[in-house]
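Trainee: Okay, handing you the structure first.
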Amino acid sequence: MLHFSRTKIIFVALVCLWGVVAALPNFLSEATLKDIWPGFLPNKQLSLGLDLKGGAHLLVQMDSEELRKDWLKSLRGDVRKQLIDAKIRYKGLGQVGDVVRVKLVNEAKTEEGLTRLRLIRQPLGNTLVGGSGYDVDVRRGSDGFLEVAPTSAGMQQRISNASSAAIEVIRRRIDALGNVEPSIVRQGLDRILVQVPGFDDTEKLKELIGQTARLTFHSVHDNVTAAEARESLIPLSYVIHPDAEDPNYEHLLKEPPIVYGEDLVDAQPGFDQDTNEPIISFRFNQKAARIFAEFSSKNVGRPFAIVLDNGDVEVKNSDGTVAKNPDGTVKKKRDVVVLSAPVIREPILGGSGQISGNFSVEEANKLAVQVRSGALPTTLTIVEERTVGPSLGADSVEGGRLAAMVGGFGVAAFMLFAYGFFGLFALLAVIVNLVLIVGTMSAIGSTLTLPGIAGLILTIGMAVDANVLIYERIREEMRNGKQPISAIDGGFSRAFATIIDSNLTTLIAGIVMFWLGSGPIRGFAVTLSLGIFATVFTAFLVTRLLVSLWVARQKTRKIPAPL
Amino acid sequence: MFKGVDFWPHNRVFPIMDVRRYFVLASVALFLGSVAMLSTQGLNFGIDFKGGSLFEVQAKAQSGGAAGVIDISELRSKLSGLGLGDIQIQELDQPSDALIRIEQQAPQGDESTERAQQNAATKVREALGGEINIRRTEVVGPAVSGELKWAGITAVMFAVFGILFYIWFRFEWQFAIAAILALVHDITITLGVFCVLGLDFGLSEVAALLTLAGYSINDTVVVFDRIRENLRRYKKMALEKLMNQSINETMSRTVVTSVTTLIAVGSIYVFGTEVIKGFAFAMIFGILIGTWSSIFVASPFLMWIGVKRDWSGLAKSEKDIVMARP
């Protein structure tokens, strides 16, 4: 048990050396790391978690119900349009549950109707998810109805697309804050995790994320102005919204919209080639391009309106403070404005077009950003919010450091008291252990959280257990009359199984925590589990190597009792 | 060379198995008491599991640079007018710091419950005003708190069963049952203590419970390992005597490891910030109760369940392994 081959010694030395090299960057300044530290060595530092660095953590949920309703609404429109285009007369177009149903007047046209309705469905992008298929199911229902129903894979794809879009929107809005490095990732099917290190003004963040701006394209009433409509009667399926520039001027717009902002794939500010006035050029996706081509060819010379719905916003008093309701809650109102009502100069056939409307360069820029990032696909609800101020984070680091020092020295003193010179070996093993944990964590780029620090400190206390088991066993062997050398040998070999068993049970707990835990708890699970691997390594190779070197150094054949 | 102080009275054999009835009785009483407390009073769930919001606040430093002092009653009067239901304000170690807990809000009108939590948090922030720094906020809505609760329960279950299967695989089923009984005992009594003291029970406390599960089993496994070894060595020794000897042989190690781990966790409790104190407390208590159970409770359980006495088949192969070692 005490014999070490040369290769084994080199292996242990190399692992320890690697640990030191990988852990060292954490103790070097940024400048040293850049200028002096050799580039071929590991140079990653542990990144601190939000709970240590300070920052905001927001978990937002998309409203999948709203997405579903919007989709069904637009499917109804699609069905109507397809049947009208094909000149198939229908009745009883409606919705039962999550199914759009329609009955044809002439049942003989059922096949033709189905063929037309199949044009609505789109192939699923990711065939791995739900096999090959379509986002909606077009089928013959009972009682002579034709049915169009979203498939569950289609719904998932829709939520998934909406969440990628929402992530982009949130990123652009937070980037506008400047000087922050947000991490915005999807979590589960319909949630987005937003983490902004070093920024703990969640009210500001929530305001940014909560802007449920929605962009829509409407047709404008031909011959009745909003003012006239207000005096007499607002025509059926028309609404009135104020102009963004001049709140006193209002537009009379048709509902539902022609196209939704989600169908825009791009919007860029630019200049008109002929007049050189600032414009915004935009591009629709395929489906919207088709619809808009048709609309614009029929309406050359007439205006259409681009409407921005900001959702509920706080009402400001004239002095700029937030207005309150009588019951003390913040006063809110729905904020819908017409961004622009340009005239269609020529049919927009290719799915891209430009908006011109007497705006300045800045306005064009702003509008392009709003068009691009203004439209969140759905209302976002904040379901979890955690912030840590930078001062508390610093206090936590300081507290952790102090606890590690005191805990470390306490354990060291106790081990030296209980095992003397061999206690020193145990301490060396614990130091190697910590170096390996920190080195590995730096190398794999994991994040150090406050529970992670607790895990490290706990490891100091628990890692010495392996040495305690070995040393107590050696003492026992010696009490039973064994010679020191065979007592040491027996101590190591007999303690081996016990150490493996006892560490594996803790590893089970660590793995479960990593699997089911989130954020900081995961950080704890990582340090705890790495600690276990490091403990087994140090107890069986480092401590044993140190002891065997000690035995080899003894001049006399009969070595003194070590413990 | 300094050999260290072997402070343990190795010559003395404590007759633990002789008086095991009393230890087990004490444990059963504690266990039943905990179960009773848990079922009547229930755990004081933190906002991770209950939903609601939490604010750690600090009075701003005074103009002279001295640390501010937070006026709890003023804070209370500021917040109680907001109509947010039950508001708990807790003083922390520093006179400048306090912890505010707001219960989960019921939705008003057509707003969602999630939105209601956010609105309440906004109200608190506005009411606190400029004199007070908000150092930490946590706002958890019902959807997330429900999931976290479920994840917590599943995690403890998986850990317990994982450990059960491992011990079953490595030992015999009797050992596995006894170890799990001891583990359930430890977890329940730790929960009972949280219940009696009315401490917040949140995610980090679940992490502490899982770590504790690992630690306590670790302790028990060391004793069981020795029992198994002695079962192979002393084929004719009475089970009771054999177990007593095993416990005594491993007791010095059990005590030393508990001491080192307690030193580590104790320093986290003393020097750590408020965020980590609950975790450290659960660990301290858990280590004490885990040590108790592996010395006084686990082996009596094993005694009552009974163990297989004929380990000859295994002993032979074990011997082969030992012989084969260089």
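The values are calculated or read from the model by the stated rules, or taken from the named source; none is laboratory data. Note that this is a predicted model, so its numbers are computed, not measured. Cβ placement follows ideal geometry from the backbone for every residue including glycine, while neighbour counts extend to all protein chains displayed.
Trainee: Would a scan of the range B:224-231 turn up a residue that is more than 8 Å from chain A (Cβ to nearest Cβ) and outside any helix (DSSP H, G or I)?
Mentor: no
Trainee: Based on what the data block shows, is residue B:311 in the same structural domain as residue B:35 (by TED's automatic domain parsing), surrounded by fewer than 19 Cβ atoms within 10 Å (Cβ to Cβ), free of Cβ contacts under 8 Å to residues at least 24 places away in the same chain and not charged (D, E, K, R)?
Mentor: no
Trainee: Specify the residue that is farthest from the other protein chains (Cβ to nearest Cβ); the eligible residues are those in the range B:262-279 that are within 17 Å of residue B:54 (Cα to Cα) and without any contact (Cβ under 8 Å) to a residue 12 or more places away in the chain.
Mentor: B:277
Trainee: Could you list, in sequence order, all residues of the range A:529-554 that are of a type in the set (Lys, Arg) and away from chain B (no Cβ under 13 Å)?
Mentor: A:544, the sole residue that qualifies.
Trainee: Still on this structure, please answer the following. Would you check if there is a residue in the range B:232-246 being assigned to a helix (DSSP H, G or I), hydrophobic (A, V, I, L, M, F, W, C), crowded, with 22+ Cβ neighbours inside 10 Å and within 12 Å of another protein chain (Cβ to nearest Cβ)?
Mentor: Checked against the condition, which is being assigned to a helix (DSSP H, G or I), hydrophobic (A, V, I, L, M, F, W, C), crowded, with 22+ Cβ neighbours inside 10 Å and within 12 Å of another protein chain (Cβ to nearest Cβ), the range B:232-246 yields no hits at all.
Trainee: Another question, then. Hand me the list of strands (runs of 3 or more DSSP E) wholly inside the range B:72-174 holding 2 or more residues that are facing chain A (nearest Cβ under 8 Å).
Mentor: Where strands (runs of 3 or more DSSP E) fall fully within the range B:72-174 and carry at least 2 residues being facing chain A (nearest Cβ under 8 Å), they are B:132-140.
Trainee: Okay, moving on. Give me the residue from the range A:181-236 that is among the polar types (S, T, N, Q) and touching a residue at least 40 places away in the same chain (Cβ under 8 Å) and, out of that set, surrounded by the fewest Cβ atoms within 10 Å (Cβ to Cβ).
Mentor: Top of the filtered list is A:187.
Trainee: Turning to a different aspect of this structure: Would you mind telling me which numbered condition in (1) modelled with pLDDT of 90 or more; (2) within 24 Å of residue A:507 (Cβ to Cβ) residue B:249 fails?
Mentor: Status for residue B:249: all satisfied but (2).
Trainee: Can you name the strands (runs of 3 or more DSSP E) wholly within the range A:132-228 that have at least 3 residues being among the β-branched types (Val, Ile, Thr)?
Mentor: Fully inside the range A:132-228 and qualifying: A:191-197.
Trainee: Another question, if that's okay. Scan the range B:202-211 and tell me whether some residue there is in contact (Cβ under 8 Å) with a residue 12 or more places away in the chain, touching a helix residue (DSSP H, G or I) at 6+ places or on another chain (Cβ under 9 Å), away from every other protein chain (no Cβ under 12 Å) and not in a helix (DSSP H, G or I).
Mentor: no
Trainee: Evaluate the following for residue B:48: is it touching a residue at least 40 places away in the same chain (Cβ under 8 Å) and exposed (fewer than 12 other Cβ atoms within 10 Å of the Cβ)?
Mentor: Spelling it out, it is not the case that residue B:48 is touching a residue at least 40 places away in the same chain (Cβ under 8 Å) and exposed (fewer than 12 other Cβ atoms within 10 Å of the Cβ).
Trainee: I've got another one for you. Would you be able to tell me the number of residues in the range B:66-113 that are touching a Pro at 6+ places or on another chain (Cβ under 9 Å) and of a type outside the set (Gly, Ala, Ser)?
Mentor: Residues meeting the conditions: 4.
Trainee: What do you reckon, is residue A:526 facing another protein chain (nearest Cβ under 10 Å) and closer than 22 Å to residue A:452 by Cβ?
Mentor: Here the answer is no, as residue A:526 does not meet what is asked.
Trainee: If you go through the range A:426-446 one residue at a time, do you hit one that is more than 30 Å from residue A:284 (Cβ to Cβ) and within 7 Å of another protein chain (Cβ to nearest Cβ)?
Mentor: No, the range A:426-446 has no match at all.
Trainee: Further, regarding this structure: Can you name the residue in the range A:481-503 that is out of contact with any helix residue (DSSP H, G or I) (no Cβ under 8 Å at 6 or more places or on another chain) and surrounded by fewer than 20 Cβ atoms within 10 Å (Cβ to Cβ) and, of all such residues, is farthest from the other protein chains (Cβ to nearest Cβ)?
Mentor: A:483
Trainee: How about the range B:248-261: which of its residues are facing chain A (nearest Cβ under 7 Å) and surrounded by 24 or more Cβ atoms within 10 Å (Cβ to Cβ)?
Mentor: Of everything in the range B:248-261, those that are facing chain A (nearest Cβ under 7 Å) and surrounded by 24 or more Cβ atoms within 10 Å (Cβ to Cβ) turn out to be B:253, B:257, B:260, B:261.
Trainee: Turning to a different aspect of this structure: Only one of these conditions is not met by residue A:539: (1) free of Cβ contacts under 8 Å to residues at least 40 places away in the same chain; (2) surrounded by 17 or more Cβ atoms within 10 Å (Cβ to Cβ); (3) of a type in the set (Gly, Ala, Ser); (4) more than 30 Å from residue A:385 (Cα to Cα). Which number is it?
Mentor: For residue A:539, the exception is condition (1).
Trainee: Select from the range A:428-485 the residues that are among the hydroxyl-bearing types (Ser, Thr, Tyr) and more than 14 Å from residue A:533 (Cα to Cα) and list them in ascending order.
Mentor: A:442, A:446, A:447, A:449, A:471
Trainee: Could you please let me know if residue B:199 is modelled with pLDDT under 90 and within 13 Å of chain A (Cβ to nearest Cβ)?
Mentor: no
Trainee: Is at least one residue of the range B:56-64 buried (at least 19 other Cβ atoms within 10 Å of the Cβ), modelled with pLDDT of 90 or more and under 22 Å from residue B:191 (Cα atoms)?
Mentor: No.
Trainee: Next up: If you go through the range B:19-35 one residue at a time, how many are over 10 Å from residue B:296 (Cα atoms) and either among the β-branched types (Val, Ile, Thr) or not assigned by TED's automatic domain parsing to the domain that holds residue B:292 (or both)?
Mentor: Within the range B:19-35, residues that are over 10 Å from residue B:296 (Cα atoms) and either among the β-branched types (Val, Ile, Thr) or not assigned by TED's automatic domain parsing to the domain that holds residue B:292 (or both) number 2.
Trainee: Considering only the range B:175-189, state which residues are of a type outside the set (Gly, Ala, Ser) and within 14 Å of another protein chain (Cβ to nearest Cβ).
Mentor: Scanning the range B:175-189 gives B:175, B:180, B:183, B:186, B:187.
Trainee: Going by what's in this entry, would residue A:371 be described as modelled with pLDDT of 90 or more and surrounded by 22 or more Cβ atoms within 10 Å (Cβ to Cβ)?
Mentor: For residue A:371, the condition - modelled with pLDDT of 90 or more and surrounded by 22 or more Cβ atoms within 10 Å (Cβ to Cβ) - is not met.
Trainee: Quick check on this structure: which one of A:310, A:317, A:358 is of a type outside the set (Ser, Thr, Tyr), at pLDDT below 80 and within 32 Å of the chain's Cα centre (by Cα)?
Mentor: Just one listed residue meets the conditions, A:310.
Trainee: At least 1 residues that are out of contact with any His (no Cβ under 9 Å at 6 or more places or on another chain) and surrounded by fewer than 13 Cβ atoms within 10 Å (Cβ to Cβ) in each: list the helices (runs of 4 or more DSSP H) lying fully within the range A:1-104 that qualify.
Mentor: By residue number, A:6-23, A:30-35, A:64-85.
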